[in-house]
Amino acid sequence: MPDRADKKFYLETFGCQMNVHDSEKVIGTLISEGYRQVQTVEEADLVLYNTCSIRDKAEQKVFHRLADYKKYQKQGKVFGVLGCVAQQEGEGIFERAPHVSMVCGSASYRNLPQMLVQIDAGNRHVTGLDDRQTDECFETEFTSRTNPHRGYITIIEGCDKFCAYCVVPFTRGKERSRTSDSVLAEARQMADLGYTEIQLLGQNVNSYKDPAGKKSFAELLAAVGEISGIKRVRFTTSHPRDFGKDIVEAIEAVPTLCDHVHLPVQSGSTRVLDAMQRLYTREQYLERISWIKAARREISLTTDIIVGFPGETESEFQQTLSLLDDVEYDGVFSFKYSPRPNTPALNLDDAIPDDEKARRLAVLMERQRDIQKRRNQRHLGEVLEVMIEGKNEARGQWIGRTSQNKTLNFTVPDVKAPVPGSYVSVLITNSFPNSLLGQMVV
């Protein structure tokens, strides 16, 4: 590879918001080490893929990409696999894709500078696979955030829940939290740089435990919301087991905390939840929903659902559909069960045929679409505040997001055009299952 001053890197990210923010920190680390980011593989000396293994399809996409770019190895390019697939497959990646030179799981990102030194020295078999051994978080002052208005802060890494279907505890290590002082210092720095929206991240963000013992998750949430200059605070993803009333009370008490909770349920059947090792019953989940619905502010609710988990009967699937009717979510991320390596669910009998999983998914999505259509119609005639994200030039519409995390497309009267990152009021004139339509109020 060229001298450090001439080195260029390309990084492609797959998967969740945690991965997106990890990539922002990886990019910042590389730039601080003298690398320059480029936008194509062809331009790069170092090609990195930050990977996702939550489902088989996401994992296969990475290996297809690696196969596509194998031809560039002759040009001296160095390839690295980061993230969940790296941790899951480990050194097996070198066998499956021999042109890869670096394999680094997310728990080892703090060691990237040392790993880059090994790459510089010509080592073509560099690994960082700490797995569940480390107690350290990936904290760095070198974060290359791509959005100048909205930014992520990871407050807890890893997972100790060990749901039967999920590979994350094996790929992201054990739960480890940053100190509240560290989180608040980063949030204040972001506010000073002009950020107005912060999203706190964690695999189970509400499982946060301050190593210094100063603040609970709800107290940290409120403290971030009280920082001068911050207009919106979001958090994801919450686990029902650790979701307490104090979180709802914080949302009620602090106006900057957004009116939105994402609370994955996965199934409406207590028996299936037990088989999934989710650590709560349908009734316990609905108790948490009742706390949210009883709040003085209307809080939108979204969730994750898996259909076709091994052994799920038609009756149990119907229980999930009835849960949709009971809760009336504002949005659902739904998936077919996908077997993952090392997970307990691999050993369960009664696998559901893929065509049946597809049928159940389609039925669930149609039921939820009707619910969202009905719920969004309630906003007609309301005036909602949005943060402007950009403009759809083809439609002549601006794109914003409400506090309830709903997409709102709107037109602007013949006045000075709004600026991305600013906040405006919009009158809702129409609604659809996945978005709202309106006109900016002048």
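The values are calculated or read from the model by the stated rules, or taken from the named source; none is laboratory data. From a predicted model like this one, the values you see are computed outputs, not experimental measurements. Using ideal geometry, Cβ is built from the backbone for each residue, glycine included, and neighbour counts are taken over all protein chains shown.
Some notes on this structure:
Yes/no per residue for (1) at pLDDT 90 or above; (2) not aromatic (Phe, Trp, Tyr):
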site: Phe138; (1), (2): no, no
site: Thr143; (1), (2): no, yes
site: Arg150; (1), (2): yes, yes
site: Ile153; (1), (2): yes, yes
site: Val167; (1), (2): yes, yes
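- Residue list for segment 234-246, restricted to those being closer than 21 Å to Met18 by Cα and either assigned to a helix (DSSP H, G or I) or not basic (Lys, Arg) (or both): Phe235, Thr236, Thr237, Ser238, His239, Pro240, Arg241, Asp242, Phe243
- Against the list (1) of a type in the set (Val, Ile, Thr); (2) out of contact with any strand residue (DSSP E or B) (no Cβ under 8 Å at 6 or more places or on another chain); (3) crowded, with 17+ Cβ neighbours inside 10 Å, the condition Ile292 fails is (2).
- When segment 315-365 is limited to residues that are among the acidic types (Asp, Glu) and more than 17 Å from Met276 (Cα to Cα), the one that is nearest to the chain's Cα centre (by Cα) turns out to be Asp330.
- Contacts under 7 angstrom Cβ, first residue in segment 399-421 being not assigned by TED's automatic domain parsing to the domain that holds Gly194 and at pLDDT 95 or above, partner in a loop (DSSP other than H, G, I, E, B) and hydrophobic (A, V, I, L, M, F, W, C), 6 or more apart: Ser403/Cys258; Asn405/Cys258
- Listed by position, the strands (runs of 3 or more DSSP E) enclosed by segment 118-203 that each have at least 3 residues that are of a type in the set (Val, Ile, Thr) are 150-157.
- Whichever residue in segment 400-434 is in a loop (DSSP other than H, G, I, E, B) and touching a helix residue (DSSP H, G or I) at 6+ places or on another chain (Cβ under 8 Å) and, among such residues, is nearest to Glu366 (Cα to Cα): Pro433
- Yes/no for Gly80 being more than 27 Å from Pro240 (Cα to Cα) and touching a Ser or Thr at 6+ places or on another chain (Cβ under 7 Å): yes
- Which numbered condition Arg369 fails, given (1) loosely packed, with under 15 Cβ neighbours inside 10 Å; (2) out of contact with any Pro (no Cβ under 8 Å at 6 or more places or on another chain); (3) of a type outside the set (Gly, Ala, Ser): (2)
- Among the residues of segment 397-414, those that are crowded, with 16+ Cβ neighbours inside 10 Å and charged (D, E, K, R) comprise Arg401, Lys406.
- Among the residues making up segment 333-366, a single one is within 28 Å of Thr407 (Cα to Cα) and either among the β-branched types (Val, Ile, Thr) or touching a Pro at 6+ places or on another chain (Cβ under 6 Å) (or both): Val363.
- Across segment 420-442, the qualifying residues are those that are among the small types (Gly, Ala, Ser) and closer than 22 Å to Gln199 by Cβ, and the one among them that is surrounded by the most Cβ atoms within 10 Å (Cβ to Cβ) is Gly421.
- From the list Val81, Val126, the lone residue that is surrounded by 17 or more Cβ atoms within 10 Å (Cβ to Cβ) and farther than 17 Å from Asp22 by Cβ is Val126.
- Residues that are part of a helix (DSSP H, G or I) and under 12 Å from Asp130 (Cα atoms), drawn from segment 85-94: Ala86, Gln87, Gln88
Condition check ((1) at pLDDT below 90; (2) in a helix (DSSP H, G or I); (3) surrounded by 18 or more Cβ atoms within 10 Å (Cβ to Cβ); (4) of a type in the set (D, E, K, R)) across all residues:
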| residue | (1), (2), (3), (4) |
| --- | --- |
| Met18 | yes, yes, yes, no |
| Lys25 | no, yes, yes, yes |
| Gly34 | no, no, no, no |
| Glu43 | no, no, no, yes |
| Lys74 | yes, yes, no, yes |
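- One residue alone among Ala394, Ala417, Ala351, Ala362 is surrounded by fewer than 13 Cβ atoms within 10 Å (Cβ to Cβ), under 27 Å from Cys52 (Cα atoms) and aliphatic (A, V, I, L, M), and that residue is Ala362.
- Residues in segment 256-272 that are within 22 Å of the chain's Cα centre (by Cα) and either under 18 Å from Gln319 (Cα atoms) or not assigned by TED's automatic domain parsing to the domain that holds Gln199 (or both): Leu263, Pro264, Val265, Gln266, Ser267.
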